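Reviewing the structure listed below.
The values are calculated or read from the model by the stated rules, or taken from the named source; none is laboratory data. As the structure is a computational prediction, the values presented were derived from the model and not from experiment. Cβ placement follows ideal geometry from the backbone for every residue including glycine, while neighbour counts extend to all protein chains displayed. For accessibility, only protein heavy atoms count, side chains too; no ligands or nucleic acids. Shrake-Rupley method; radii C 1.70, N 1.55, O 1.52, S 1.80 Å.
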Amino acid sequence: MLTINVVVLLAFIVVLRLRRRTEARSRSDEKLTVVIVLALGVLIAPTPVGHGILDLLTQLANGVTRAGQ
């Protein structure tokens, strides 16, 4: 039986949607893309990959804060 990881499927959909030209998008199309990206973020957040991304962003924010002082 073939199983598809929902996160991988959503990531693929996001890549396909973002490859389109900006001029060709309507407001509803942009809203749908935002909803899909948010759903992808919610699914990634509790995983080890999500924690790694959070740690990376935290270190980046701390570096920017220290550089600004």
Report summary line: So the angle from the long Cα axis of helix 27-44 to the longest Cα principal axis of the chain, reported in degrees to the nearest 10, equals 60
**Report entry** Rounded FRET efficiency, nearest 0.05, which uses the C-beta distance separating residue 61 from residue 22 and R0 of 30 Å
**Finding:** 0.60
Report task. Would you work out what percent of the accessible area of the chain, with all protein chains in place, is carbon or sulfur (probe 1.4 Å)? Result -> 69
Query raised in the report: When ligands, DNA and RNA are left out and all protein chains stay put, how many square angstrom of accessible area per residue does the stretch 4-52 have with a 1.4 Å probe?
Result: 78
Query raised in the report: On a 0 to 90 degree scale, rounded to 10, what angle separates helix 48-68 from the longest Cα axis of the chain?
Result: 50
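Rounded to a whole number of µm²/s, how large is the Stokes-Einstein D of the chain at 10 °C and 1.306 mPa s, given Rh as the Kirkwood radius over C-alpha pairs?
Once the numbers are plugged in, D ends up at 111 µm²/s.
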Report summary line: From DSSP H assignment alone, runs of 4+ in the chain each adding -39500 (n - 2.57), the sum over residues rounded to the nearest 500 puts [θ] at 222 nm at -25500 deg cm²/dmol
